[in-house]
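Asks: The structure's right below; bear with me while I get my questions together.
The values are calculated or read from the model by the stated rules, or taken from the named source; none is laboratory data. Source: prediction; values computed, not measured. Areas reflect the complete protein model, heavy atoms only, side chains present, ligands, DNA and RNA absent. Shrake-Rupley method; radii C 1.70, N 1.55, O 1.52, S 1.80 Å.
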Amino acid sequence: PFSTNFNVSILTPSKSKLFEPNPFNISTRFTYELTRSVSDISLIIYTIDGRKIKEFNNITYTLGSNLNSSGYHEIIWDGKDRWGTEVANGIYFYKYKLKFDDKSYTSIGKVARSR
């Protein structure tokens, strides 16, 4: 888990037995819990060479509740890029970006796709 001094906990698929394991086949879940609202949060998926292929934020994410409100949240990645194309097998990086009281925080991890 990733946590900061304002108690944001982020669980990744590889660290939680409750969700689909890493590597994933069809889709995977990214979960996090906020103890209070933050001004901005996003989850960005990158290829191994650093190309941004998918972004989830309050503007683009329409399922469920507001991503930056307090509480438990899940983001389900369907294994597709921003153009709707299935991504290839391999390693992908993800980055959570949070903004709180004009300070920015990031957490980076890896997720693998294997079909």
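Asks: Spot the failing condition for Leu43; the list is (1) modelled with pLDDT of 85 or more; (2) open to solvent by less than 70 Å² (accessible area, probe 1.4 Å); (3) over 18 Å from Tyr105 (Cα atoms), and only one is missed.
Replies: (3)
Asks: Would you be able to tell me the number of residues in segment 46-94 that are at pLDDT 85 or above and at positive phi?
Replies: Number of matching residues: 4.
Asks: Further question: So Lys15 clears everything in (1) at pLDDT below 70; (2) closer than 12 Å to Lys95 by Cα except one condition, right? Which one?
Replies: (2)
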